[in-house]
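Let me begin by presenting the structure, written as structure tokens, before commenting on it.
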Amino acid sequence: MFQAPNWVPYRFRARWDQWRIDRAVSGLAGTRPAPAADPDSADAELFLQVCRRDLRITPVAVKALLRFGPRLAVTFMDDGTLAEADREWVNTHVPNARWLARQIDHPALNAALAARPLLDHLYRRTSYITSKLLYPILTARCPRVVVLDTDTAFFKRPDRLLNWVTGADLTSAYYLHDTQDPVADVPPEVLAAFDELGKAVTPPGKTWNRPHTFFNSGLLAFRPADIDLDVAEGYLNWRQSATAGLKAGRAAIWFGDWTPEQTSYLCAFAVMDPPPEPFPADYVIGGATGQTFNHFLRHHLVKPDSLKRLKQLIRELEPGMH
């Protein structure tokens, strides 16, 4: 299943890569279901936003974690691209999970958005990914939540995460981050913007302790009660007056139109007390081998080595035909 070279037209390459991914994880059909725990007996709740493109890898992300035995309730957040048959297929692999639609009528959500018009606009009219920010905070059925992207996998026992889930680790929260150089790889205007942003959104009596600049929301662990959505609203308000240069080019990684939930999470984590901790160095972004956890991102997911690792991971899951 070779990877198409870059000179091949993008549309064909995308279709070819999707076929390669789906074929690499086709062995899921030979694995046993991994039921989600009931929320009243779970240690924490796992949230994943699911899109049609990543449908076939979604159960891999969940089963790769549940095989280590955590008692996790599971909520899938439909980004609006799934059909009923898609959701039913995921349910065969992860029974007892809850599904939330692209937009929902929920008392806590409605109340939160009524008081925060910019978040309300982002959720209802602009960005489908806003549910990844709001649902784990406002609809959680457990006091601890884990937010996980679908293009991820646990290859070894994630002791740091499991200890936090059970309460054995008293750290306030954990977050994933990339290992790029915060000086060489971050434009000076971005660092200056974060200093300004911190002054604008930090509530009275709180301290701005910005996490790693390359903060990544592909794996987060936190208590919803510790998240201040007013800080997210403050970020969106600050962004309205940010220069066009901060919303384009390299700076768009943080302040562009496609990262509002991630930067909102970063800001909310920045004012937590006590400050959150980064996951250890073996929780990585990219395709490096020998790690506990990988958030592949599409660029690395489609590489032959990554697909080979996913095939091997599926062989390690508990066998049993559906």
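What follows is calculated from the coordinates using simple rules that are stated; it is not laboratory data. Not measured: the values here are computed from a predicted model. Backbone-built Cβ (ideal geometry, glycine too); neighbour counts: all protein chains shown.
Can you say what percent of the DSSP beta bridges in the chain, counting only those with both residues inside, are antiparallel? Round to 5. Before the final figure, lay out the partial values.
Values: 12 of 30 bridges.
Taking every DSSP beta bridge with both residues in the chain, the antiparallel ones total about 40 percent.
For D273 and H299, calculate 0.36 nm times their separation in residues minus their Cα-Cα distance, and state this gained length in nm to one decimal.
5.8 nm
Please list, in chain and number order, the residues 5+ apart from N216 or on another chain whose amide H is under 5 Å from its amide H, with Hs placed from the backbone.
Amide H neighbours of N216: L176, H177, D178.
In whole Hz, with x marking every Gly and Pro, tabulate ³J(HN,Hα) for the range 251-262 from phi via Karplus 6.51 cos²θ - 1.76 cosθ + 1.60, θ = phi - 60°.
Result, ordered by residue: 5, 5, 3, 9, 10, x, 6, 9, 10, x, 6, 5 Hz.
Can you give the FRET efficiency to the nearest 0.05 for K156 and R98, using r as the Cβ-Cβ distance and R₀ = 25 Å?
Values: r = 28 Å, r/R0 = 1.12.
Efficiency for this residue pair is about 0.35.
How would you rank F293, F68, F279, going from fewest to most other Cβ atoms within 10 Å of each one's own Cβ?
Least to most surrounded, the residues fall as F68, F279, F293.
Would you calculate, for the chain, the mean residue ellipticity at 222 nm contributed by helices, counting each DSSP H stretch of 4 or more residues as -39,500 (n - 2.57) and dividing by all residues, to the nearest 500?
Numbers: 13 runs with 123 residues, N = 322.
When only DSSP H runs of four or more count, the value is -11000 deg cm²/dmol.
Of the listed values (i) 16.7; (ii) 19.3; (iii) 23.0, identify the label whose number matches mean projected area of the Cα convex hull in nm² calculated from this model.
(i)
Whose amide H sits under 5 Å from the amide H of V284, counting only residues 5 or more places off or on another chain, with H placed in the peptide plane?
Those qualifying (amide H under 5 Å, at least 5 residues apart or on another chain) are F293, N294, H295.
If we count every other residue with Cβ under 10 angstrom of C142's Cβ, Lys/Arg +1 and Asp/Glu -1, where does the sum land?
+1
Between R98 and residues 5 or more places away or on another chain, which pairs have amide H atoms under 5 Å apart, with H built 1.01 Å from N, and which residues are they?
HN-HN under 5 Å from R98: V74, T75, F76.
Can you give the relative contact order of the range 50-194 as a percent, counting alpha carbon pairs under 8 Å and 6+ residues apart?
Working: 101 pairs, mean separation 38.8, N = 145.
So the answer I get is 27 percent.
For D149, D79, D195, D40, what ranking results if the residue with the fewest other Cβ atoms within 10 Å of its Cβ goes first?
Ascending number of Cβ neighbours within 10 Å: D40, D195, D79, D149.
When the Cα centres of the range 249-322 and the range 47-121 are compared, how far apart do they sit, in Å?
If we compute the Cα centre of each part, the gap is 17 Å.
How far, in nm, would the chain grow between S26 and N91 when pulled straight, counting 0.36 nm per residue and subtracting the alpha carbon separation?
21.8 nm
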